[in-house]
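Asks: Dumping the structure here so I can ask a few things about it.
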Amino acid sequence: MDKQKQLPFYLHTGQFISTPPNSSITGVIGEGVLLPCHVVADEIPEEFSVQWIFHEQSQKTIVSRYDGKNKKEKQDERYQGRTEFFYGEFRAGNMSLRLKNVRSSDKGSYTCVVSFKDTYHDVLIELQVAGQWQFSLFLLKDVAEQKHVSVTD
């Protein structure tokens with residue numbers, strides 16, 4: 001089976017399981033969005049690494065990387081000050097990344113890669129980006145459908 005199609009729905013490798021709730025997330029320009037990545041393992045050691053990679057055409061950009069050995073985080077300059085890990089939740093398996101101030105250029109595929117005990121595991125997330133006006137129209141459409149009101153141009 002094609003790895004790209006298999007990973008978003010369920011990943012099971014040895015003792016490591018990651019199940020993102022959705023493989024596609026929508027972010028709104030200017031707001032924040034959560035890129036989910038959860039690990040279930042018997043134990044997550046102190047020495048682990050997690051990195052989020054953005055796939056752009058034939059290039060891969062490391063958006064943000066955390067090295068548990070040195071307790072250091074590195075960000076790509078395009079994402080400087082816009083990403084945030086949940087440090088206090090690492091031991092519980094939360095390797096998610098909050099991306100702040102979403103830009104249209106953030107749209108695309110992201111991979112969460114977690115490494116520990118000489119193995120690595122990854123999950124693919126697709127980020128869609130909407131403008132604030134587009135997001136408002138989606139909400140208005142949902143409300144109109146619930147109340148059986150028609151929305152006209």
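The values are calculated or read from the model by the stated rules, or taken from the named source; none is laboratory data. Just so it is clear, the model here is predicted, and its values are computed rather than measured. Cβ: placed from backbone, ideal geometry, glycine included. Neighbour counts: every protein chain shown.
Asks: State all residues of segment 33-43 that are surrounded by 20 or more Cβ atoms within 10 Å (Cβ to Cβ) and over 10 Å from the mean Cα position of the chain (by Cα); if no residue qualifies, say none.
Replies: 39
Asks: Starting from residues that are out of contact with any helix residue (DSSP H, G or I) (no Cβ under 7 Å at 6 or more places or on another chain), under 10 Å from residue 95 (Cβ atoms) and outside any strand (DSSP E or B), keep the ones in segment 27-64 and report whichever is modelled with the lowest pLDDT.
Replies: Applying the filter and picking the extreme gives 39.
Asks: Taking the residues in segment 87-110 that are touching a Phe, Trp or Tyr at 6+ places or on another chain (Cβ under 7 Å) and among the hydroxyl-bearing types (Ser, Thr, Tyr) as candidates, determine which candidate is nearest to residue 59 (Cα to Cα).
Replies: 110
Asks: For residue 80, all conditions in the list (1) crowded, with 16+ Cβ neighbours inside 10 Å; (2) more than 13 Å from residue 113 (Cα to Cα) hold save one; what is the number of the exception?
Replies: In the conditions (1) crowded, with 16+ Cβ neighbours inside 10 Å; (2) more than 13 Å from residue 113 (Cα to Cα), residue 80 misses (1) alone.
Asks: A follow-up question, please. Confirm whether residue 9 is within 30 Å of residue 131 (Cα to Cα), surrounded by 12 or more Cβ atoms within 10 Å (Cβ to Cβ) and modelled with pLDDT under 55.
Replies: Answer is yes for this residue.
Asks: Considering only segment 45-67, state which residues are crowded, with 19+ Cβ neighbours inside 10 Å and either touching a residue at least 60 places away in the same chain (Cβ under 8 Å) or under 17 Å from residue 86 (Cβ atoms) (or both).
Replies: 48, 50, 51, 52, 53, 63, 64, 66
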